[in-house]
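What follows is one structure encoded as structure tokens, with my remarks underneath.
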Amino acid sequence: MTFDVSKISPLGFGCMRFTGRETNEIDIELTSQMVDAYLEAGGNYFDTAWAYPNSEVALRKALVERHPRENYFIATKCVAWGAYCNSQEDLERQLQESLANLGVEYVDVYLMHNLGGNRTAGFEKHQVWEFMKSVKERGLAKHIGYSAHCTPEELEEFIAAYPDAELIQLQVNYADWENPSFRERECIEIAAKHGYPVVTMEPVKGGLLANPPQTVKDIIDAELPNDSYATAALRFAASAPGVFCTLSGMNTVEQVEDNCRAFADFKPLNEAELAAFDRIIEAMSSDKTIPCTGCDYCAKVCPEGIGVSGALTALNYLINFEDPYKANYQLGFVVRFNMGKKLPNECIRCGACEDACPQNINILDCFDRIAEEIVPFSRTNVLMKPAQ
């Protein structure tokens, strides 16, 4: 069955960051309002995953139980990294749990989740692609593919290993487009060369590009005056070659409405806008923002339960706003009180977080910076006490 991507809306609803996920109390009323606004604006593609805490269940309550099944497409994913998969029986359990969580008899798209680096080995060991094909043969998924945070060389290997994949999900944003650690432009060009349709993820880098450095804001204000900082980032990703859908992890009805307006009658960036992004990319190349997207794969493997992404959020607050006192407050507020996690000073430096990070962040170096540049500026020392 060929995947007719023309039926998919160019703006996809990413369901990784529903409000309340940090405390396992997703706001279903708010999520329902966002889903309704998105559908009313013509959106129809929802992206979730078995590994996203409570996301599938929230999507069942906000979408599946409230709207006709033929009005939307659902994509979800399976994992084979970490301790989550030791056999194909575990893969089957993930699949059945996803179907039950979502309250559906089939998903429209089923993806292998987060190929790349050390994470690829589990997919190979457990012959996950053979399992994926069986899922489609049984009618439990209409289309299959994979998501990847990978190098161009790795992507060529995946394309050779999984030639019958129907789509690929790749990270695309202007901050990493030419970044040598990500090489996103090369990955997009490889997918296009082989004719694979692409769904883009992390176009706003977990929200970082909704509030970019001032040099970037100045260019967007002058050259893309009809865009918010977030929609400018989304339009960049959506304009990449071969892209048919760009995911946005929306958290408010206002964000949904803003993004949907930007994608109404969507057209790729014109020459003048592309030239503006060339300047933006050049400006970003000298920026020191930590490229954390908040995926929290690091937290899943941390033996001490440290709030890694929250800590990096605090460090980026310091980098972007140059106020160590506010950054220290963010460290305690985000990590200790919002996330209920331990702080970086309780790290045992095992390095598991760095192995799991799809962004290749030197997390332990970041913890050193936090200790040196943020911790000494606490106005409330209680924030730095170990969690009980």
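The values are calculated or read from the model by the stated rules, or taken from the named source; none is laboratory data. Remember, it's a predicted structure, so these values are computed and weren't measured experimentally. Positions of Cβ are generated from backbone atoms using ideal geometry, with glycine treated the same way; all protein chains shown enter the neighbour counts.
Checking the structure you have, find out if any residue of the range 279-298 is within 22 Å of G82 (Cα to Cα) and among the hydroxyl-bearing types (S, T, Y).
Within the range 279-298 (the criterion being within 22 Å of G82 (Cα to Cα) and among the hydroxyl-bearing types (S, T, Y)), the answer is yes, since at least one residue qualifies.
Could you figure out which of (1) touching a strand residue (DSSP E or B) at 6+ places or on another chain (Cβ under 8 Å); (2) closer than 19 Å to W81 by Cα; (3) of a type in the set (A, V, I, L, M, F, W, C) isn't true of A161?
Result: A161 fails condition (1) only.
Give the residue, chosen from E70, E92, E97, that is assigned by TED's automatic domain parsing to the domain that holds K125, more than 30 Å from A37 (Cβ to Cβ) and charged (D, E, K, R).
From the options E70, E92, E97, the qualifying one is E92.
Is it fair to say L234 is under 21 Å from S147 (Cβ atoms) and modelled with pLDDT under 95?
Here the answer is no, as L234 does not meet what is asked.
So, of the residues in the range 272-282 that are aliphatic (A, V, I, L, M) and under 23 Å from the mean Cα position of the chain (by Cα), which turns out to be modelled with the highest pLDDT?
Of all residues in the range 272-282, those aliphatic (A, V, I, L, M) come to 272, 274-276, 280-281.
This time we only want the ones that are under 23 Å from the mean Cα position of the chain (by Cα), so: 280-281.
On the way: I280: 94, I281: 91.
Only one residue fits best here, namely I280.
Would you confirm whether any residue within the range 308-328 is modelled with pLDDT under 85, more than 24 Å from Y52 (Cα to Cα), in contact with a Pro (Cβ under 8 Å, 6 or more places away or on another chain) and not assigned by TED's automatic domain parsing to the domain that holds L208?
Yes, there is a match, as at least one residue in the range 308-328 is modelled with pLDDT under 85, more than 24 Å from Y52 (Cα to Cα), in contact with a Pro (Cβ under 8 Å, 6 or more places away or on another chain) and not assigned by TED's automatic domain parsing to the domain that holds L208.
Name the pairs: first residue in the range 11-22 and under 11 Å from A62 (Cβ atoms), second residue at pLDDT 95 or above and charged (D, E, K, R), Cβ to Cβ under 9 Å, at least 6 apart or on different chains?
Cβ pairs passing all conditions: F13/D47; C15/D47; C15/E56.
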